[in-house]
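Single-structure report; data block below.
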Amino acid sequence: MDLRARGIQDLNLLRALENVPREIFVPHRFADLAGRPIALPLRCGQTLPEPWLAARMIEALAPARDHRVLEIGTGSGYATALLARLAREVLSIERFQSLAIEAGTRLARLAIGNAAVAFGDGLAIAPGIGPFDRIIVQGLLIEIPENLIAALGVGGLLVAARPDPKSASRQQIARITRDEAGHLEETLICASRLQALMPGEARAL
């Protein structure tokens with residue numbers, strides 16, 4: 001009801017939010033806070049965004065049952081689990097190996113078979129893994145890497161946080177579409193406060 005009051009209207013997404021237990025996607029000491037509308041800390045200095053922001057990004061992504069989705073930045077795997085209930089297939093890439101392993105374990109615990117978590121650099125994906133109907137980036141992209149655009153299928157859509165053109169210190173969730181000619185159109189959705197996405201794999205974690 002809180003998410004509906006804040007403008008989330010997609011009924012399939014609302015059902016997914018009801019059915020995916022957020023408490024298993026946070027460190028045990030924060031489990032009692034999982035039902036609150038707040039961001040929560042994860043291992044490796046990462047953060048699980050507040051439920052409303054996660055929902056708003058997925059609603060902007062508009063995944064459908066026949067879509068293949070790429071997620072950059074798995075984190076705890078919470079958004080991955082939500083996406084798996086809305087799309088045909090989800091591939092999520094996480095640069096922290098410990099987070100990738102834990103997220104995969106959580107998805108297996110929920111018997112989610114159409115989502116896979118891979119350890120690697122999501123900003124340096126191999127050309128052969130696309131195309132994807134939808135790409136969601138769980139972080140701020142200062143520039144959009146060419147390989148992500150190349151992995152986006154014709155008529156595809158990418159959602160990520162982007163610098164606010166009106167303020168250098170702010171950011172906005174943006175929906176980026178690609179037409180048949182390869183041209184990109186960016187639409188700003190809402191304000192956000194996500195960490196900048198870092199390239200490379202984390203060596204120690």
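Summary table
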item: Which listed residue is within 22 Å of Glu94 (Cα to Cα) and either in contact with a Pro (Cβ under 7 Å, 6 or more places away or on another chain) or at pLDDT below 90 (or both), from Gly113, Gly182, Gly200; result: Gly200
item: Condition broken by Glu186, with the remaining ones in (1) of a type in the set (Asp, Glu); (2) touching a residue at least 12 places away in the same chain (Cβ under 8 Å); (3) in a loop (DSSP other than H, G, I, E, B) satisfied; result: (3)
item: Matching option when the condition is basic (Lys, Arg) and buried (at least 21 other Cβ atoms within 10 Å of the Cβ), among Arg162, Arg178, Arg193; result: Arg162
item: Failed condition for Ala191, given (1) assigned to a loop (DSSP other than H, G, I, E, B); (2) within 15 Å of Leu53 (Cβ to Cβ); result: (1)
item: Cβ-Cβ under 7 Å pairs, at least 6 apart or on other chains, the range 29-43 side on the phi > 0 side of the Ramachandran plot, far side among the aromatic types (Phe, Trp, Tyr); result: none
item: Odd one out for Ser169 among (1) under 16 Å from Glu71 (Cβ atoms); (2) among the polar types (S, T, N, Q); (3) free of Cβ contacts under 8 Å to residues at least 40 places away in the same chain; result: (1)
item: Ala115 vs. criteria over 19 Å from Leu86 (Cβ atoms) and of a type outside the set (Phe, Trp, Tyr); result: no
item: Of all residues making up the range 157-179, the number that are among the small types (Gly, Ala, Ser) and either part of a loop (DSSP other than H, G, I, E, B) or in contact with a Pro (Cβ under 7 Å, 6 or more places away or on another chain) (or both); result: 3
item: Residue that is farthest from Gly128 (Cα to Cα), among those in the range 25-39 that are of a type in the set (A, V, I, L, M, F, W, C) and surrounded by fewer than 22 Cβ atoms within 10 Å (Cβ to Cβ); result: Leu33
item: Verdict on Asp133 being charged (D, E, K, R) and in contact with a Gly (Cβ under 7 Å, 6 or more places away or on another chain); result: yes
item: Breaking point among (1) modelled with pLDDT of 95 or more; (2) in contact with a strand residue (DSSP E or B) (Cβ under 8 Å, 6 or more places away or on another chain); (3) β-branched (Val, Ile, Thr), for Thr47; result: (1)
item: The range 40-58 - residue that is within 11 Å of the chain's Cα centre (by Cα) and not basic (Lys, Arg) and, of those, surrounded by the fewest Cβ atoms within 10 Å (Cβ to Cβ); result: Leu53
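The values are calculated or read from the model by the stated rules, or taken from the named source; none is laboratory data. Since the model is a prediction, treat every value here as computed from it, not as a measurement. Backbone-built Cβ (ideal geometry, glycine too); neighbour counts: all protein chains shown.
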